[in-house]
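**Student:** Mind looking over this structure? Questions follow.
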Amino acid sequence: MIPGPAPCSRRTCSSEEGKGKEKKSLKCLTFDPSPYFRSHIIPVLLNLLESRDQHVRLTLLAHLGGYAPLCEEEELVSVVLREVLVGLKDSSDQVVGATLRALGDLVPLLGGDLVMGTSRRHIFTDAQPRVCVRGVLGSVHLKPTFLISL
């Protein structure tokens, strides 16, 4: 049974029914579905992660970036990360590839040290040249930004 409505916010929407007619003001209701998602859907997804069906696993891994931010950190560490790491040992290249992509989705949420399981060291440096810009307020050292247009 779903509890009462989530906190709603009211906003005014306007619609125009044709040329020369006045705009009508309509009250539109919007609500945040994330409390329902957290309380009803996340537990189901966490149970499904324990499934060993390849199609279920691939679907859950493909959409991990959409639902992982709604999980509690404890759930991410104890259930999601643990179950995702199991996919690295699978013999299917498709499952291993999806698992590596899913681990990439977990890094911003949990941090690289926790996801990788080891301490890391600084390997790459930022070697962009600094440009000195002199103006009214003095000298400012900036790093140029390059835009790539396709």
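**Student:** Take the Cβ-Cβ distance between Met116 and Ser39 as r, set R0 to 30 Å, and report the resulting FRET efficiency rounded to the nearest 0.05.
**Tutor:** 0.45
**Student:** Which order do Asp90, Asp105 fall in if you start with the one that has the fewest other Cβ atoms within 10 Å?
**Tutor:** Sorted ascending by nearby Cβ count, the order is Asp90, Asp105.
**Student:** Turning to a different aspect of this structure: Hey, with R₀ at 22 Å, roughly what FRET efficiency would Gln128 and Leu88 work out to, going by the Cβ-Cβ distance, to 0.05? Could you put the intermediate results ahead of the total?
**Tutor:** On the way: r = 34 Å, r/R0 = 1.55.
The calculated FRET efficiency here is 0.05.
Since every read-out is calculated from the coordinates, none of them should be taken as a lab result. Model, not experiment: these values are computed from the prediction. Don't worry about glycine lacking a Cβ; one is built from the backbone with ideal geometry, like all the others, and counts go over all protein chains shown.
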